[in-house]
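The values are calculated or read from the model by the stated rules, or taken from the named source; none is laboratory data. All figures in this text were calculated on a predicted structure; none of them were measured in a lab. Don't worry about glycine lacking a Cβ; one is built from the backbone with ideal geometry, like all the others, and counts go over all protein chains shown.
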Amino acid sequence: MELPAGLLEKAEENMKGLDVEGFVLGEGNPEADIMLVGEAPGEKEAVEGTPFIGRAGDELDKQLDYLGLKREDIYITSAVRSRPYKWVDTKAKKHKNGRRKANRKPNQKEIKAHAPILDYQIKKVDPKVIIALGGVALERLAGKEYKISQRLGEVIKTPVLTLENDEFKPTKKEYAVFPLYHPAAIFYNPSIRDDIYTSLDRLKDYLNKKNI
């Protein structure tokens with residue numbers, strides 16, 4: 001997807017001095033009915049420039065297959081395009097200085113820095129359903145009052161937030177936002193697998209009823 005002139009440069013300027021690396025614009029069908037919004041790239045994604053690869057990508061592919069979808073059927077993007085990281089101590093020999101970069105959640109400044117890109121992509125794709133993968137994506141789209149633990153697997157008819165004059169404001173148009181756990185969450189908490197597939201069943205039913 002082509003971005004308007006200056007949009008990428010402005011985002012890069014806003015990210016200067018922050019602990020982030022790499023850039024992943026997104027991929028998929030720019031005319032898709034379904035948009036998937038994640039949190040931010042991880043280490044592999046930042047290097048390859050491709051969203052959802054590695055273990056999280058494999059898990060996402062399994063979930064898409066369960067829904068009867070493929071990556072080329074949807075558009076995949078995220079709230080933040082660069083990998084937020086923090087330095088942590090490690091004893092691994094490959095890290096000679098005893099420190100390594102670890103993933104972390106993006107902060108509000110980073111979310112705002114890349115907000116115009118997501119705003120543009122949502123307007124350009126104009127999806128019938130936006131799947132929010134994880135709490136960061138859900139709050140970015142619908143607001144901080146929406147918690148993934150409370151709205152998991154529900155269709156939320158809501159405006160989405162767009163950045164105007166450094167403030168998030170709701171769009172006039174309503175979208176169908178469907179919150180799911182981030183694919184990586186299952187690695188840290190395997191007990192949520194049943195909740196994940198119950199949510200996927202609800203999403204599958206919704207897509208079938210709406211002929212999406």
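Residue-by-condition table, conditions (1) among the hydrophobic types (A, V, I, L, M, F, W, C); (2) closer than 18 Å to residue 199 by Cα; (3) touching a residue at least 40 places away in the same chain (Cβ under 8 Å); (4) touching a helix residue (DSSP H, G or I) at 6+ places or on another chain (Cβ under 6 Å):
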{"site": "106", "(1), (2), (3), (4)": "no, no, yes, no"}
{"site": "113", "(1), (2), (3), (4)": "yes, no, yes, yes"}
{"site": "121", "(1), (2), (3), (4)": "no, no, yes, no"}
{"site": "138", "(1), (2), (3), (4)": "yes, yes, yes, yes"}
{"site": "144", "(1), (2), (3), (4)": "no, no, no, no"}
{"site": "153", "(1), (2), (3), (4)": "no, yes, yes, yes"}
{"site": "164", "(1), (2), (3), (4)": "no, no, no, no"}
How many residues are in a helix (DSSP H, G or I) and either at pLDDT 95 or above or surrounded by 23 or more Cβ atoms within 10 Å (Cβ to Cβ) (or both) if we restrict to region 34-45? 1
Report, by residue number, each residue of region 91-137 that is more than 20 Å from residue 43 (Cα to Cα) and of a type in the set (Val, Ile, Thr). 117, 122, 125, 129, 130, 131
Tell me, yes or no, whether region 141-163 has at least one residue that is more than 18 Å from residue 66 (Cβ to Cβ), of a type in the set (Asp, Glu) and under 16 Å from the mean Cα position of the chain (by Cα). no
Could you please give the count of residues in region 124-151 that are within 15 Å of residue 74 (Cα to Cα) and of a type in the set (D, E, K, R)? 3
Which one of the conditions (1) in contact with a helix residue (DSSP H, G or I) (Cβ under 9 Å, 6 or more places away or on another chain); (2) modelled with pLDDT under 95; (3) farther than 27 Å from residue 167 by Cα; (4) not aromatic (Phe, Trp, Tyr) does residue 13 fail to meet, given that it meets all the rest? (3)
Residue check, residue 84 surrounded by 18 or more Cβ atoms within 10 Å (Cβ to Cβ), more than 25 Å from residue 159 (Cβ to Cβ) and touching a residue at least 60 places away in the same chain (Cβ under 8 Å): yes
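In the list 103, 97, which residue meets the criterion of being under 17 Å from the mean Cα position of the chain (by Cα), over 29 Å from residue 31 (Cα atoms), modelled with pLDDT under 95 and not β-branched (Val, Ile, Thr)?
Testing whether each residue is under 17 Å from the mean Cα position of the chain (by Cα), over 29 Å from residue 31 (Cα atoms), modelled with pLDDT under 95 and not β-branched (Val, Ile, Thr) leaves just 103.
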Working only within region 59-82, note down all residues that are in contact with a Phe, Trp or Tyr (Cβ under 9 Å, 6 or more places away or on another chain) and not hydroxyl-bearing (Ser, Thr, Tyr). 59, 60, 61, 63, 71, 76, 81
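Each row is one residue, and each column tells you yes or no for (1) over 18 Å from residue 180 (Cβ atoms); (2) in contact with a strand residue (DSSP E or B) (Cβ under 8 Å, 6 or more places away or on another chain).
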position: 17; (1), (2): yes, no
position: 64; (1), (2): no, no
position: 90; (1), (2): yes, yes
position: 106; (1), (2): yes, yes
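Among residues belonging to region 49-73 that are of a type in the set (Asp, Glu) and touching a residue at least 12 places away in the same chain (Cβ under 8 Å), point out the one that is surrounded by the fewest Cβ atoms within 10 Å (Cβ to Cβ). Can you show your working first?
In the first step, residues of region 49-73 are kept if they are of a type in the set (Asp, Glu); the result is 58-59, 61, 65, 72-73.
From the residues that got through so far, the ones that are touching a residue at least 12 places away in the same chain (Cβ under 8 Å) too are 59, 72-73.
Details: 59: 18, 72: 10, 73: 14.
Filtering first and then ranking leaves 72.
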For residue 56, are the conditions met, namely being in a helix (DSSP H, G or I), under 18 Å from the mean Cα position of the chain (by Cα), modelled with pLDDT under 95 and farther than 23 Å from residue 124 by Cα? yes
